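See structure below.
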Protein chains: 2
Amino acid sequence: MRHEEFLQQAIKLAVDNSSTGQGGPFGALIVKNNKVIAASSNQVTHLLDPTAHAEIMAIRLACQQLGDFQLQDCILYSSCEPCPMCLGAIYWARLAEVYFACNRHDAAAAQFDDSFIYDEIALLPAQRHIPMHHINLPNASQPFESWAAKTDKRLY
Amino acid sequence: MRHEEFLQQAIKLAVDNSSTGQGGPFGALIVKNNKVIAASSNQVTHLLDPTAHAEIMAIRLACQQLGDFQLQDCILYSSCEPCPMCLGAIYWARLAEVYFACNRHDAAAAQFDDSFIYDEIALLPAQRHIPMHHINLPNASQPFESWAAKTDKRLY
């Protein structure tokens, strides 16, 4: 079965990344028409980039490959359930489908914050562990007014 | 008040980005010790990178500036409430605090998917508009076993 085969590739990337010391134990692939067009492991500590999760890196690489900022006909395979950051990226990239091996609770058991962040997202901004404050400013809507008035905008 | 001053800078970045045509109407800053150490507008269509939201770009830049993959003593100012992707990045970067001007509903009114993605995150993976499948594999936990056994790992 192809889905399992691609997930095994993602697991191998994750194991290799952990064992060779480049970063966290996560791997992801982007597949289009049954072909792998991008693959990455977690590169957070290596690149000094907290956003460099395997899924984010694979999405970026796939977009560069296709010369597009969307991945409509592509499938993401990940060694672990995507965290909220990667889940958001999956929606913005408009992927068709996602398959994963471990889930957020397996990640939590391995000391990763995925499950904690899922819980935080459901809270009101000011109640979160990282306090988030909405400040009312009279001109807050200027950016959206500018966008609405723009006649040559590139929707994304 | 400093918070409003920094938010005005983020709003200006957002307006300029929309009006000069480089991308979406969003701007963000990272501030440490009352100094702006990184700033960005949305670069999705410009860079062909669906993850290049203003907040993600500012976080990446700030990390490069500090030579670290975490931003513990830093504050994020954003022209709009961070979407779930950026919210996840804020937790992984371990920022101290967040201030924003518009909220997710203002973004939705301007045709951005932030509010939709917040709703999707609360659903079970298989029930989402982008279907997400957990496949049980006998060796799914190999990456986390490798990580647990690793003696020289760099925690993040």
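Can B:Thr20 be described as buried (at least 18 other Cβ atoms within 10 Å of the Cβ) and either under 16 Å from the mean Cα position of the chain (by Cα) or within 21 Å of A:Gln142 (Cβ to Cβ) (or both)? Outline the logic, then answer.
Working: buried (at least 18 other Cβ atoms within 10 Å of the Cβ): no; either under 16 Å from the mean Cα position of the chain (by Cα) or within 21 Å of A:Gln142 (Cβ to Cβ) (or both): yes.
So B:Thr20 does not fit the description; no.
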- Task: With the checklist (1) in contact with a Phe, Trp or Tyr (Cβ under 6 Å, 6 or more places away or on another chain); (2) at pLDDT 95 or above in hand, flag the one item B:Ala110 doesn't pass.
- Result: (2)
- Task: Kindly check whether there is at least one residue in the range A:80-95 that is touching a strand residue (DSSP E or B) at 6+ places or on another chain (Cβ under 7 Å), touching a residue at least 60 places away in the same chain (Cβ under 8 Å) and more than 7 Å from every other protein chain (Cβ to nearest Cβ).
- Result: yes
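Are any residues in the range A:96-105 closer than 13 Å to A:Phe26 by Cα and within 7 Å of another protein chain (Cβ to nearest Cβ), and if so, which ones? Can you show your working first?
Applying the first criterion (closer than 13 Å to A:Phe26 by Cα) to the range A:96-105 yields A:100-104.
The answer is A:Phe100, A:Ala101, A:Cys102, A:Asn103.
Checking the conditions here, which among A:Pro50, A:Pro25 is within 9 Å of chain B (Cβ to nearest Cβ), in a loop (DSSP other than H, G, I, E, B) and over 20 Å from A:Tyr91 (Cα atoms)? Can you show your working first?
Details: A:Pro50 fails: over 20 Å from A:Tyr91 (Cα atoms).
Only one candidate qualifies: A:Pro25.
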- Would you say B:Ile117 is at the interface with another protein chain (Cβ under 7 Å from one of its Cβ atoms) and over 30 Å from B:Ile37 (Cβ atoms)? no
- Note on the structure: Per the filter on the range A:60-72, residues more than 7 Å from chain B (Cβ to nearest Cβ) and surrounded by 20 or more Cβ atoms within 10 Å (Cβ to Cβ) are A:Ala62, A:Leu71
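Residue-wise test of (1) at pLDDT below 95; (2) under 18 Å from B:Met85 (Cβ atoms); (3) among the β-branched types (Val, Ile, Thr).
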residue	(1), (2), (3)
A:His46	yes, no, no
A:Pro50	no, yes, no
A:Ile56	no, yes, yes
A:Ala62	no, yes, no
A:Tyr91	no, yes, no
A:Cys102	no, no, no
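What helices (runs of 4 or more DSSP H) completely inside the range A:73-156 contain at least 2 residues that are surrounded by 19 or more Cβ atoms within 10 Å (Cβ to Cβ), under 18 Å from the mean Cα position of the chain (by Cα) and of a type outside the set (Asp, Glu)?
Details: elements: A:84-93, A:104-109, A:114-121, A:142-149.
The helices (runs of 4 or more DSSP H) meeting that bar are A:84-93, A:104-109, A:114-121.
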- Being in contact with a Cys (Cβ under 7 Å, 6 or more places away or on another chain), among the aliphatic types (A, V, I, L, M) and either part of a strand (DSSP E or B) or more than 8 Å from chain B (Cβ to nearest Cβ) (or both) narrows it down to one of A:Val31, A:Val36, so name that one. A:Val31
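The values are calculated or read from the model by the stated rules, or taken from the named source; none is laboratory data. Please read all numbers here as calculations on a predicted model, not as lab measurements. Positions of Cβ are generated from backbone atoms using ideal geometry, with glycine treated the same way; all protein chains shown enter the neighbour counts.
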